[in-house]
Amino acid sequence: MQKVLSSEFGIDDISVGWERPQDSAHGDITTPVALQISKKVGKSPKEIAEKIVSALAKEKTIEKAEIAGPGYANIWLTPAALVAALGSTRQACMAKVKSGAPVIVEYSQPNIAKPLGAHHLLTTLFGQSIANIYEHLGYEVIKWNYMGDWGTQFGKLSIAVSKWGDGRIASQYTVDELLDLYVKFHNEVENDDTLEDQARAVFKKLEDGDPELRAFWQDIITVTKSALSSIYEQLHVSFDTDKSESFYEDKMEPILEKGIASGVFKEGEGGSLIVEFPEESNMPPYLVRKGDGATLYSTRDIAQMHYRLEELKPQEILIVTDIAQKLHFEQLAATCEQLGWDITGFDNVLVGRMRYADKSMSTRKGNVLRLEEVLTEAVRRAEEKIKEHGDHIQADDPAELAKMMGIGAVSYGIVSQNRKQDIVFDWDKMLSFEGNSAPYLQYTHARARSVITKAGEVSDPKQVESLTEKERGLLNTLLKFEHVLKEARTNNMPHILANFLFELCQSFNSFYNDTPILKAEEPTRTLRVYMTLLTADVLKTGAQLLTISVPDRM
């Protein structure tokens, strides 16, 4: 193509973008390059496209070339060229060697002393999927769980345990019991408004190093992390570090001093410290220290950003949060810029709010729909689905399959949605064996694996001289995988990968239902078995990147 553009139009400096049409009737690949260079060369797009098509039609790897629309060049590759290109799809299933400066991906961010709620699924699963995709593509990734393990909530909890606890030491409470006490504190504030001041005073003592409060605080952290670990394991979620708010306790004061000296941090009401922004930013002042000298979430976030930039020198910092955090991170970024820090690699990856198709799910005790309850219910419903389908679902271990289906359905039901929109939690859609769902993906993978098991040895296809419509359709879908992974990473949008997996399931099932595979004559049989194996590999790789497990038999 570059040779054509150079010889015919004198253009050597344009990157030709090839796309795979949604409709296979429009070719295997297409390019709008004629539209892009039309003004530059002073010719109509169709005139340029005619030259391109005429030249490309002579290539050995091209079966046919046509002009489409206002100037697209549609290309049909030879069967041999299409099959040879599958090598890139096979490579895309394999993780690349890690290299380069790290990419920090921060996600989940639960608060200590509280159970994970259903809403935590959003930042947790989107964050893990984004981290997985980066890692698969060869980036050195630091997966970071930045937990809320510091702040006035510990003052509140200390008072609640001392006033309404049953005399046990902190390490003997469960996370649910701690939440109940925390909720009781807030209920009691309505009758005694001095409790808030008492809590702030207790936290100040904790900050100042009171040994008894420090021991209490550490016990609460230990209890919470133990409870979190089992849920993270079920969700296939993992972290490389959980350095959290408390880690920056001794790192805030030097930054505050420098900020005061440079005039970035200014005195606010009651002796507090604030950051002010230009009027056109429409951002209110950013409080970075209270009047009593106590630090805040913002103070620790500034210290964290400094630590990451100076100590880890990442190429990117991705912080996955609820959209409600948008203003906070805009203020944080603007503050870092005023301090003179280079944060060009920083991005606050925003996620919409959780909505429930079943309205009764939105309210629970303490206003928290516990994630543990959701996962238990998911597995129970999956068990019912398995029973409903009777002999149509085969499993060596039905309990394990129900767990894989139920938890997979919840996880896929989240990451298959556009993270920038509100995420709808819908049991019926998540557990459906039709449509864009985990059970459909899992069933399709198991169907493909079943063919491979019966086929025995799988060889690379050779002497491919013709393709049926279904074969060509599946080939072209498989060939999208490499590009889809890069697009999902570039945009930090896991649902792009999920949509592709759904498309691949549809394409394979259409191929499977209409095309003999094991009974086909050679060399067609070898090709079809090979495509079936590659389909299974792509589905498994893509599902795992989205935190989903797939069975070999179902």
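The values are calculated or read from the model by the stated rules, or taken from the named source; none is laboratory data. This is a predicted model, so every value here is computed, not measured. Neighbour counts are summed over all protein chains in view; Cβ atoms, including those assigned to glycine, are modelled from backbone coordinates with ideal geometry.
Here are the numbers:
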| read-out | value |
| --- | --- |
| Residue within the stretch 386-400 that is touching a Phe, Trp or Tyr at 6+ places or on another chain (Cβ under 7 Å) and outside any helix (DSSP H, G or I) present | no |
| Residue within the stretch 24-47 that is in a loop (DSSP other than H, G, I, E, B), among the hydrophobic types (A, V, I, L, M, F, W, C) and free of Cβ contacts under 8 Å to residues at least 12 places away in the same chain present | no |
| Residue in the stretch 491-509 that is farthest from S129 (Cα to Cα), counting only those that are among the aliphatic types (A, V, I, L, M) and assigned to a helix (DSSP H, G or I) | L504 |
| Candidates L350, L339, L296, filtered to the one that is surrounded by 15 or more Cβ atoms within 10 Å (Cβ to Cβ) and at pLDDT below 95 | L296 |
| Residues that are buried (at least 21 other Cβ atoms within 10 Å of the Cβ) and of a type in the set (G, A, S), drawn from the stretch 115-139 | G117, A118, G127, S129, A131 |
| Candidate set from the stretch 430-471 (those that are basic (K, R) and touching a residue at least 60 places away in the same chain (Cβ under 8 Å)); member that is nearest to G87 (Cα to Cα) | K462 |
| Subset of the stretch 413-439 that is in a loop (DSSP other than H, G, I, E, B) and charged (D, E, K, R) - its residue that is farthest from the chain's Cα centre (by Cα) | E434 |
| Verdict on A95 being farther than 20 Å from L228 by Cα and of a type outside the set (S, T, N, Q) | yes |
| Flag if K480 is out of contact with any Cys (no Cβ under 8 Å at 6 or more places or on another chain), closer than 27 Å to H26 by Cα and modelled with pLDDT under 95 | no |
| Among the residues listed as I67, I112, I159, I142, the single one being surrounded by 23 or more Cβ atoms within 10 Å (Cβ to Cβ) and either not basic (K, R) or not assigned by TED's automatic domain parsing to the domain that holds L485 (or both) | I112 |
| The listed residue being in contact (Cβ under 8 Å) with a residue 40 or more places away in the chain, of a type in the set (A, V, I, L, M) and either within 30 Å of N348 (Cα to Cα) or surrounded by fewer than 20 Cβ atoms within 10 Å (Cβ to Cβ) (or both), out of L474, L546 | L546 |
| Given (1) under 20 Å from I112 (Cα atoms); (2) touching an Asp or Glu at 6+ places or on another chain (Cβ under 8 Å); (3) at pLDDT below 95; (4) not polar (S, T, N, Q), index of the condition G291 fails | (1) |
| Long-range neighbours under 6 Å by Cβ, at least six apart or interchain, first residue without any contact (Cβ under 8 Å) to a residue 40 or more places away in the chain and within 15 Å of G473 (Cα to Cα) within the stretch 58-81, second surrounded by fewer than 16 Cβ atoms within 10 Å (Cβ to Cβ) and hydroxyl-bearing (S, T, Y) | T78/T61; A81/T61 |
| Residues satisfying the stated conditions in the stretch 262-287, i.e. part of a loop (DSSP other than H, G, I, E, B) and within 13 Å of A334 (Cα to Cα) | V264, F265, E276, F277, P278, N282, M283, P284, P285 |
| Test result for R380, among the basic types (K, R), outside any strand (DSSP E or B) and in contact (Cβ under 8 Å) with a residue 12 or more places away in the chain | yes |
| Those residues of the stretch 230-258 which are at pLDDT 95 or above, assigned to a helix (DSSP H, G or I), under 15 Å from L116 (Cβ atoms) and of a type outside the set (A, V, I, L, M, F, W, C), in sequence order | Y232, E233, Q234 |
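Residue by residue, here is whether (1) closer than 19 Å to S244 by Cα; (2) in contact with a helix residue (DSSP H, G or I) (Cβ under 8 Å, 6 or more places away or on another chain); (3) outside any helix (DSSP H, G or I); (4) not small (G, A, S) holds:
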site	(1), (2), (3), (4)
I133	no, yes, no, yes
I159	no, yes, no, yes
S162	no, no, no, no
L181	no, yes, no, yes
D192	no, no, yes, yes
